[in-house]
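The values are calculated or read from the model by the stated rules, or taken from the named source; none is laboratory data. Keep in mind that what you see is a predicted model, and the values were worked out from it rather than measured. Note: ideal-geometry Cβ built from the backbone for every residue, glycine included; neighbour counts use all protein chains shown.
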Amino acid sequence: MFTAVLRRRALQQTSSLSYQFARCYAAKSFPPHTVVSMPALSPTMTAGNIGTWQKKPGDAISPGDVLVEIETDKAQMDFEFQEEGVLAKILKDSGTKDVAVGNPIAVMIEEGEDASAFESFTLEDAGGESAPAPPPKEEASESSEPADSQSGTAPPSSKTESAPVPEETESSGGKLQPALERQPNASAAAVRLAIETGVKITGLKGTGTGGQITESDVKKASSGGAPSAAPGAAPAASYTDTPISSMRKTIANRLTESMNQNPHYFVAASVSVSKLLKLRAALNASADGQYKLSVNDFLIKAVGVACKKVPTVNSSWRDGFIRQFDNVDVSVAVATPVGLMTPIVKSVDGLGLQSISAQVKDLGKRARDGKLKPEEYQGGTFTISNMGMNPAIDRFTAVINPPQAGILAVGTTKKVAIPVETEEGTSIEWDDQIVVTGSFDHKVVDGAVGGEWIKEFKKVVENPLELML
Amino acid sequence: MSPSRGLNSSVLRILRLSKVKLNSNQSRTISIFTEIPKANTQIYVSRSHSPYLNLSIEHHLLTKSPAESTILFLYTNKPSIIIGRNQNPWVECNHAAIRSSPLQPLLVRRRSGGGTVWHDEGNVNYSVICPTEKFDRNKHAEMVVRALHSLDVQGAKVNERHDIVMNTPESTVPFKISGSAYKLTRLRSLHHGTCLLSSPNLKDIGKYLGSPAKKFIKARGVDSVRSKITNVHVGNEDFENAVVEKFRDMYGNVETTFVGEEEGTVPAIEKGVEELSSPDWIYRQTPQFHFSYPSAPASEELEPVQTRSWNIAFIARNGVITKSIEHNISSAPGDSNSSSVENSIIGTNVYEVTDWAHILPVHEQQEIPVAKAMNDMLLVGVTPAQGI
């Protein structure tokens, strides 16, 4: 009696599994079957290569049997099938590369059914394929890339809340996600439409009940972008193709995400640094070899002061709330041979110029050597990007580093003529000025608030002795 | 905290380690560790230089060790070329160079994924086996980097492909010194990697791993990613000791057990050696590929060739030819002459061929150079049985 109950339950389960697939393409009719899709054998896996099939059509499978070997990013893994059945047809042969997670790879039937009926079963009968899902917001596709900074980094990654997660373990505890949970939550009509129009259904947000992806979502997505690659153009003249490294991919993803998700607006100011330069010269003269302050050190401190005076800017947009930080941790953009990195000077508001200077030098050197620890470049509440050493750059705008709410772009020093009132009338003096452009996230920082911040920044830079307050 | 105290303690540690090493001269066989109830940390160093034996020991450690244990295994192999689980030996290595090399390098297909690497006595391999839930691609690569730092190799670091690279004075781009590969099973996972310490063959590695057949083969399976390589210039024993020390820092102080040829008598390991050295495993685990000469294959499928010269193309599955097309300028495709050639080579085991001129009935002058070229590229070198 039990076997009958279990069989019925197994049957019910199979039929609900095949719901997504068997009902879609009823062009030919096949006996009841289940389509096996490419499993996600790790939380970050988006595609894999099919290795050797350990079973052939007609073989019986018991739970725990290895069905096929899968290789992804140098890792060889066994796909252990957890249900009972018989392998009816292999849809993806050994050696097939880059099969996306969720795409059909084989067909299973119940014990006793006829496997030969599936000889002519094709991929289309299984529901067709879709390209691998684009790397989810928090994760890089295959590699373990860190980077709360604007770029991926060479140093090893660990994890933080918003940094891409190294695969297989750590934050999610490494539980293997069963293939079943990976079926997109979409209505049958939506799946059909997605396949017809070539839209990647896994990337869509559902607006139906329970977040289900509906036909209209798919329609909107298909009219939105043209995803597929155009057929190869006529042989071009000479060019060089560089494969995209994971670091490049991470930079691309994070900055695109930032541009898409953060409504950037820019506030520029010309700031007089004459007094600051004088103060710097004076302090460096009495340094006695202990320190050598740079203009950037002063600016970092000024950023700290401004963030304390306008704490709205020292915040981060989170899910359902805005977090305002008590400390000001400034990410300092450093150019290294591998790319741009942003090591963090923590609690700038509590540090003196000498400590800031020492830290920036040390972090910069270690960033160039690739020896930063993850906590030294992940985090930060505000970023400063100084291109003042490039004499061609008057001003520029920078992209905000998510999940921060602002970034300051600093141009080069220029001599500007300013009018000065004297007893004889108006004469001209030369003033050293730099143009700073702040980019702010309007979700967190309103226009007037951004303006306030720039005002405070300018005030303290133009009167650097106020840094002591 | 004072520098001198730190130096003393590290000197003491090195002395202590070498004492430990000298004492554990007894090499217990591996089968014993399964009997140790809570052998949570184990360290093995192999004295054998046979790649088939070392990889089989490694696989035995992966499959038979206690579920919660973490194991370090260090081994060095004699000159060999190790291809990944799903690679094509004709695409990945230069068989002509292998055949003519005085080193007589062995060809080995390992069980983990990834690309092709060169092993020799100047290259030490490290392998860490741990529970799958603790698996992390970088953790132990980082450990090896710390070991290198302690040997004063300051420029070493892990890159985004989980390889270990090192800065060199000649270049702004770091050079690769170690590659990694992984094998994951449900409970236990393995991360192993090479480390080029002082390979005398550094300049030739590119020659061994660069196959002229590559452009004539369109293969399924995994491609290697080429990188510039360099030696670390550190002694093997120093490296081993440093890695063992860092491993002990992470997982606890345990003795090193030496293993070697005696392990070859353990039945599971013996079976593993047999499997790894069999031509069936090395050559016939090759995913499907399409070979076409002299006109390079355009896709995975066989197509009639648009060329004015004689062309032979075939598809091989599991290393055996299943389909072929011969293009003969003196006869039309489908001609009885062509189809007899095509049919006659079906069923040929590519690695067993000793002379393509015998397999392809060479009638005409232009066919001889084709057969010669195929011999050069496809003929297999030393058979494994000779090389164990």
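Among the residues of this structure, B:Ser100 counts as one that is without any contact (Cβ under 8 Å) to a residue 24 or more places away in the chain and out of contact with any Ser or Thr (no Cβ under 7 Å at 6 or more places or on another chain). Here A:Ala417 clears all of (1) under 16 Å from A:Val273 (Cα atoms); (2) in contact with a Ser or Thr (Cβ under 8 Å, 6 or more places away or on another chain) except the condition numbered (2). The single residue among A:Ser385, A:Ser357 that is assigned to a helix (DSSP H, G or I), surrounded by 21 or more Cβ atoms within 10 Å (Cβ to Cβ) and either more than 14 Å from chain B (Cβ to nearest Cβ) or modelled with pLDDT under 85 (or both) turns out to be A:Ser357. The residue that is farthest from B:Glu261 (Cα to Cα), among those in segment B:45-66 that are within 14 Å of chain A (Cβ to nearest Cβ) and among the hydrophobic types (A, V, I, L, M, F, W, C), is B:Leu62. Taking the numbered list (1) surrounded by fewer than 22 Cβ atoms within 10 Å (Cβ to Cβ); (2) more than 7 Å from chain A (Cβ to nearest Cβ); (3) farther than 21 Å from A:Asp78 by Cβ in turn, B:Leu187 passes all entries but (3). Taking the criterion of being away from chain A (no Cβ under 12 Å), touching a helix residue (DSSP H, G or I) at 6+ places or on another chain (Cβ under 8 Å) and over 27 Å from B:Tyr208 (Cβ atoms), the residues of segment B:129-155 that qualify are B:Ile129, B:Ala147, B:Ser150, B:Leu151.
What tally of residues in segment A:281-332 results from selecting those that are part of a helix (DSSP H, G or I) and among the small types (Gly, Ala, Ser)?
Here is the first cut: in segment A:281-332, the residues part of a helix (DSSP H, G or I) are A:281-285, A:295-309, A:311-313.
Of the ones still in play, those that are also among the small types (Gly, Ala, Ser) are A:281-282, A:285, A:302, A:304, A:306.
Residues in segment A:281-332 being part of a helix (DSSP H, G or I) and among the small types (Gly, Ala, Ser): 6 in total.
Quick one: which residue in B:Val243, B:Val158 is within 13 Å of chain A (Cβ to nearest Cβ), among the hydrophobic types (A, V, I, L, M, F, W, C) and under 30 Å from A:Thr336 (Cα atoms)? On inspection, the qualifying residue turns out to be B:Val158.
Are any residues in segment B:168-184 outside any loop (DSSP other than H, G, I, E, B), away from every other protein chain (no Cβ under 11 Å) and more than 20 Å from B:Glu237 (Cβ to Cβ), and if so, which ones?
Going residue by residue through segment B:168-184, those that are outside any loop (DSSP other than H, G, I, E, B) are B:168, B:171-178, B:180-184.
Now drop any that are not away from every other protein chain (no Cβ under 11 Å), which leaves B:168, B:175-178.
Matches in segment B:168-184: B:Thr168, B:Phe175, B:Lys176.
Is it true that B:Gly193 is crowded, with 22+ Cβ neighbours inside 10 Å, under 19 Å from B:Glu142 (Cβ atoms) and within 14 Å of chain A (Cβ to nearest Cβ)?
Details: crowded, with 22+ Cβ neighbours inside 10 Å: yes; under 19 Å from B:Glu142 (Cβ atoms): yes; within 14 Å of chain A (Cβ to nearest Cβ): yes.
Against the criterion (crowded, with 22+ Cβ neighbours inside 10 Å, under 19 Å from B:Glu142 (Cβ atoms) and within 14 Å of chain A (Cβ to nearest Cβ)), B:Gly193 qualifies.
Applying a threshold of 7 Å to beta carbon distances and a minimum spacing of six or more residues, or different chains, the list of pairs starting in segment A:84-107 at a residue that is at positive phi and ending at one that is small (Gly, Ala, Ser) and crowded, with 23+ Cβ neighbours inside 10 Å reads A:Gly95/B:Gly221; A:Gly102/A:Ser37. Within segment B:219-250, being among the hydroxyl-bearing types (Ser, Thr, Tyr) and closer than 23 Å to B:Asp152 by Cα holds for one residue alone: B:Thr230. Please go through segment B:204-246 and pick out each residue that is buried (at least 18 other Cβ atoms within 10 Å of the Cβ) and on the phi > 0 side of the Ramachandran plot. Once the filter is applied, which keeps residues that are buried (at least 18 other Cβ atoms within 10 Å of the Cβ) and on the phi > 0 side of the Ramachandran plot, segment B:204-246 yields only B:Gly221.
With the requirement that a residue be among the polar types (S, T, N, Q) and either outside any loop (DSSP other than H, G, I, E, B) or at pLDDT 85 or above (or both), what does segment B:300-314 give you? Talk me through it step by step, then tell me what you get.
Initial filter on segment B:300-314 (among the polar types (S, T, N, Q)): B:306-307, B:309, B:311.
Listed by number, the list holds a single entry, B:Asn311.
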